[in-house]
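The values are calculated or read from the model by the stated rules, or taken from the named source; none is laboratory data. These numbers were taken from a predicted model, which means no experiment stands behind them. Cβ coordinates were reconstructed from backbone atoms using ideal geometry, including for glycine residues, and neighbour counts include every protein chain displayed. Ligands, DNA and RNA are excluded from the accessible area calculation, which covers all protein heavy atoms including side chains. Shrake-Rupley method; radii C 1.70, N 1.55, O 1.52, S 1.80 Å.
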Amino acid sequence: MSGRRGRRGRAGGGGARPRTFTVIVVSFLVLVTAVAGWLYLRLNGNINTFDADGLSKDRPGAGVGGRNVLVIGSDSRAGGNSELGGGEGDVGRSDTAFLLHVHGDGKHAVAVSIPRDTLVDIPPCRKPDGTWTAEQPRAMFNSAFSVGESPQGNPACTQNTVERLTGLRVDHTVVVDFAGFSAMTSAVGGVDVCVPKDVYQGDLNPNLGSRGKLLFPKGPQTVSGQRALDYVRVRHGIGDGSDIGRIQRQQAFMSSLVKKVRAQGFDPTTLLPLADAATKSLTVDPGLGSAQKMVSFAMSLKGIDLHDMKFVTLPWRYEGNRVAVVQPDADALWAALRADRTVDGKNAGRGGGAAPQATPSTPAPISGGGAKVAVRNGTEVDGLAARAATAIGQHGFEVTGTATARSQDQATTVIEFGSGQAGHARDLARLFPGAYVRGADISGITLTLGRDYATAASPTPSPSTEPPPATLSPDVARGARSADDDPCANLSYG
């Protein structure tokens with residue numbers, strides 16, 4: 001009996017260890033879940049969202065693939081930004097913005113910087129009191145963020161402006177303020193940068209009245225906090241002192257920041273302080289307004305190799321002391337992103353691989369269905385609008401009028417469409433191969449003829465199966481910066 005009792009005792013003792021182990025595991029899982037829940041609650045409590053009521057009701061449709069995220073840098077002096085040298089007064093201002101396109105294959109991305117002085121059409125925007133502004137033609141791009149003159153700025157107006165400019169649907173918008181930017185650079189332990197020449201206080205603040213102290217010695221160095229902020233803000237005293245040169249240094253900085261985060265790995269001890277600093281400083285659209293959504297988006301970028309993270313600047317030229325958009329290069333860039341092609345021409349949709357090859361087919365007949373089209377002549381060729389009007393009328397479109405466009409230097413034919421007209425616009429584009437098609441805040445369709453139509457071999461457009469995309473200028477690809485580039489390369493314009 002003693003033997004049996006001993007065996008029962010051993011069996012009982014052997015059974016206790018698994019039960020104890022189970023209790024420990026369950027307790028650990030409960031603890032981890034509680035900590036994770038607390039972290040998410042903490043991060044969620046940090047996040048601010050902006051009012052989506054200001055977004056346009058007439059937005060571009062989704063492209064072939066990929067996602068578009070608009071990132072805006074705010075330099076308001078409101079709140080904790082005042083000690084970091086933001087703009088004057090409490091009005092939200094922005095001198096930095098880029099559109100990040102994450103390709104559908106999850107392995108490529110490109111950030112397109114938009115110079116603050118770019119002359120663009122700002123569509124009607126909602127002010128804080130609920131009223132809407134009139135459209136502002138040929139206004140400075142950064143003025144969109146200040147519409148309504150609120151301390152938080154107007155990210156919805158900037159998003160509307162970018163969608164009008166690009167014809168791309170912006171999936172998310174993120175605003176980063178000075179204080180948050182400073183905190184994020186400290187959270188990663190500093191960012192490696194390079195300065196093409198010695199930079200002094202007077203270069204950062206030209207109103208100082210003197211050269212001041214040395215801020216940055218020439219060459220490579222690591223910056224964080226206020227020094228990181230000063231680095232991305234300085235523009236005087238380097239190159240021609242323009243915003244274009246500053247954009248190049250900002251792109252170099254972002255490249256180094258991405259490289260630093262990737263080098264440290266996706267370790268919670270690294271990411272949690274960064275996430276805490278980031279969520280405290282960001283104002284986002286409601287669709288990105290939770291820690292789970294933000295973390296999910298951030299983790300979706302893990303598969304992008306540093307070399308395949310590109311930074312480019314919207315094709316531009318000086319127009320006096322302002323910046324004009326260069327066409328057709330800019331429209332070709334937006335068309336490439338809409339088709340989910342990289343800046344070097346690769347198909348980066350979900351399937352990846354080479355760009356799809358068209359197969360010969362008989363074009364389907366085009367029927368405009370009575371869709372209303374206003375025709376504008378964007379060239380100096382007489383009679384061009386009347387010629388196109390006659391041709392498209394033969395395919396069932398109703399021409400509401402012909403006129404001369406505001407500019408007669410249009411290289412590429414542009415088709416703009418209003419709400420509910422996307423299908424008719426695509427059909428019309430088949431009559432004008434190479435035309436750029438984009439959504440706009442208009443009724444019906446506007447066809448603006450370019451030199452490509454004026455020099456076409458046939459005076460009467462004939463239907464094609466699909467309009468070939470405009471060719472992206474090789475200058476865009478050559479000027480692109482990769483996240484793995486040398487931080488000392490390509491740092492100043494002029």
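Give me the extension gain from ASP484 to LYS57: residue separation times 0.36 nm, minus the current Cα-Cα distance, reported in nm with one decimal.
Roughly 149.8 nm would be gained on extension.
Counting Lys and Arg as +1 and Asp and Glu as -1, what is the net charge of the other residues whose Cβ lies under 14 Å from the Cβ of ALA483? Around ALA483, the charge tally is +1.
In this structure, the amide hydrogen of VAL399, modeled 1.01 Å from its nitrogen in the peptide plane, lies closer than 5 angstrom to those of VAL373, counting only residues at least 5 positions away or on a different chain. Electrostatic bookkeeping for ASP243 treats Lys and Arg as +1 and Asp and Glu as -1; over the other residues with beta carbon under 15 Å from its beta carbon, the sum is +2. Counting only Cβ charges, +1 for Lys and Arg and -1 for Asp and Glu, the dipole size of region 276-322 around its Cα centre is about 100 debye. Placing pseudo-labels 7 Å out from each Cα toward the beta carbon at ILE442 and SER367 gives an inter-label distance of 2.6 nm. Using Cβ point charges alone (K and R +1, D and E -1), the dipole size of region 233-303 about the Cα centre works out to roughly 160 debye.
Residues in region 367-410 average 52 Å² of solvent-accessible surface per residue, probe 1.4 Å, ligands and nucleic acids excluded. Region 409-461 and region 229-297 have Cα centres lying 38 Å from one another.
On the protein heavy atoms, probe 1.4 angstrom, tell me the percent of accessible surface of region 283-441 carried by carbon and sulfur. Mind showing how you got there, number by number?
Working: 3700 of 7480 Å².
Ligands and nucleic acids excluded, carbon and sulfur give 50 percent.
Hey, any idea what % of region 226-269's accessible area is carbon plus sulfur with a 1.4 Å probe?
Looking at region 226-269 in its full context, I get 56 percent from C and S.
As a fraction of the 1.4 Å probe accessible area of region 138-194, surface on carbon and sulfur atoms comes out at 49 percent.
Here the label points at SER296 and SER419, each 7 Å from Cα along the C-beta direction, are separated by 2.9 nm in the simple model. FRET efficiency for the THR390 to ASP240 pair, using the beta carbon distance and R₀ = 56 Å, is estimated at 0.70.
In the full protein context, region 185-280 carries 44 Å² of accessible surface per residue, based on a 1.4 Å probe and ignoring ligands, DNA and RNA. Just to verify a number: what accessible area does HIS395 come out at with the full protein assembly present, 1.4 Å probe, Å² rounded to tens? Rounded to the nearest 10, that gives 40 Å². Projecting the Cα atoms of HIS103, PRO220, ILE247 onto the charge dipole of region 92-248, computed from C-beta unit charges around the Cα centre, puts PRO220 farthest toward the positive end.
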